[in-house]
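A short write-up of the structure that comes next.
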Amino acid sequence: MYNMVDYARDMGTAPFSDVPFGEIDQAILAQLVYLPLERALPSPSARMTMSALSQALEDETADKIYEILLRDRLQLLHACGQSARYGDLLVSGFVNDISHEDEMQFCAMVVTLPDHRRALCFRGTDLTLAGWKEDLNMSFDEPTPAQRRAVEYINEHAGVPCIVLGHSKGGNLAVYGSAFCDALPQSRITQIYTNDGPGLSPASISSAPYQAIAPRIISLLPQNSLVGVLLSQHKPYQVVYSRAVGVLEHNPFSWEVERKNHAFVRREELSRTSLMMDETMDEWLARMSLDERRTFADTLYEVLSASESKTLGELVKNPRRSAERMLKAMKGIDPMTRKAVRQLIARFFSVGAEVLVSRTAEALGIDQDKDDEPPEKSITSE
């Protein structure tokens, strides 16, 4: 499969004057901001070209199986560092702020393009269950500390025309920060890319600041998106083709690139299950109070954690065992919350998951027809 690493290698001699900055370029930068750049860029004032960064991280290794994304990102960095197209791009403004007290992880960098525009790049979460819960937390805690930092970052660095971008939570930060930054920096933003990033709350989506930047948002979702359909997603979105399965489609290295069009391969629409998830999430959020959303997020995380998996990859590696452990943990949950949690769990396992979860539930003595009938009032436990 031809992906963004292949694209970075093949486009090595194509200057931006011939092939303008586009969606593959932004997706590349959205992945590079995940790298441990603090080794080479110890302060926001430090600057380094992409080529120099590649050399600085030359001895960085990713030998363990759970470091597959780090390995892909290092390959991508080295491909960019050896490329005339990307090698001279200047990286600066790197920050990686982690506050356990505020439950905040915020990371961003600035990439200066040859025409002096800036790409403001926000890091997302990883494939851990804790990272996925951080995405879900946005449904009841907006603005989050990271979203506030994104606003400050854009106000500080959007002194010239710029593109704002990110993957996963980074896409959410790109959209939120662009919507709620000051008027002058906002006027300098030409495009906002969110790569399978969670949406915003219904209140933010309907706000005047969001509506002001909505025409500039480009939202890319894989066909079986799970993360990107959380909260209220920007519409219209564009669906890209992933060679992965289920939740692993969140990894943009699995998104197929069409080189001649300098774009990801498209699909006409999200899969039926992803569309159902989108509609279901919108319906749930519309009915839930903030406290109910918090309860739902905490309950879902507790159930997922019962699988004894730390990452989404571990969760789907042995689906039957994971499903059995999680369904056992669901026995004490009220019916409507259990139904919502079961549907989300099924999405983690992709095709055939509904059958797997249903059969495992039957084996554990959970009456699905009865238990899945929603009560007339709150989803929270009495």
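The values are calculated or read from the model by the stated rules, or taken from the named source; none is laboratory data. Small disclaimer: the values here were computed from a predicted structure and weren't measured. Cβ: placed from backbone, ideal geometry, glycine included. Neighbour counts: every protein chain shown.
How many residues does the stretch 230-265 hold that are in contact with a Lys or Arg (Cβ under 9 Å, 6 or more places away or on another chain) and of a type in the set (A, V, I, L, M)?
3
Being outside any helix (DSSP H, G or I), under 27 Å from ARG287 (Cα atoms) and touching a strand residue (DSSP E or B) at 6+ places or on another chain (Cβ under 7 Å): is that true of THR190 here? Spell out the reasoning first.
Details: outside any helix (DSSP H, G or I): yes; under 27 Å from ARG287 (Cα atoms): no; touching a strand residue (DSSP E or B) at 6+ places or on another chain (Cβ under 7 Å): yes.
Criteria not met by THR190.
Go through the stretch 201-220 and give me each residue that's at pLDDT below 90 and not polar (S, T, N, Q).
PRO202, ALA203
Got a sec? Which of LEU70, LEU41, LEU53 is farther than 24 Å from GLN191 by Cα and touching a Phe, Trp or Tyr at 6+ places or on another chain (Cβ under 7 Å)?
Result: LEU41 is the single residue among LEU70, LEU41, LEU53 that is farther than 24 Å from GLN191 by Cα and touching a Phe, Trp or Tyr at 6+ places or on another chain (Cβ under 7 Å).
Taking the conditions exactly as written (basic (Lys, Arg) and within 19 Å of the chain's Cα centre (by Cα)), does ARG71 satisfy them or not?
Spelling it out, ARG71 is indeed basic (Lys, Arg) and within 19 Å of the chain's Cα centre (by Cα).
List pairs: first residue in the stretch 190-212 and β-branched (Val, Ile, Thr), second residue surrounded by fewer than 24 Cβ atoms within 10 Å (Cβ to Cβ) and assigned to a helix (DSSP H, G or I) anywhere in the structure, Cβ distance under 6 angstrom, at least six positions apart or on different chains.
ILE192/ARG216
Select from the stretch 36-48 the residues that are in contact with a strand residue (DSSP E or B) (Cβ under 6 Å, 6 or more places away or on another chain) and outside any helix (DSSP H, G or I) and write down the one among them that is surrounded by the most Cβ atoms within 10 Å (Cβ to Cβ).
Of everything passing the filter in the stretch 36-48, LEU41 is surrounded by the most Cβ atoms within 10 Å (Cβ to Cβ).
Look through the stretch 185-203, keep the residues that are more than 14 Å from the chain's Cα centre (by Cα) and hydroxyl-bearing (Ser, Thr, Tyr), and return whichever of them is farthest from GLY170 (Cα to Cα).
Here the residue is SER187.
Answer yes if at least one residue in the stretch 27-35 is farther than 25 Å from ASP196 by Cβ and modelled with pLDDT of 95 or more, and no otherwise.
No; the residues of the stretch 27-35 include none that is farther than 25 Å from ASP196 by Cβ and modelled with pLDDT of 95 or more.
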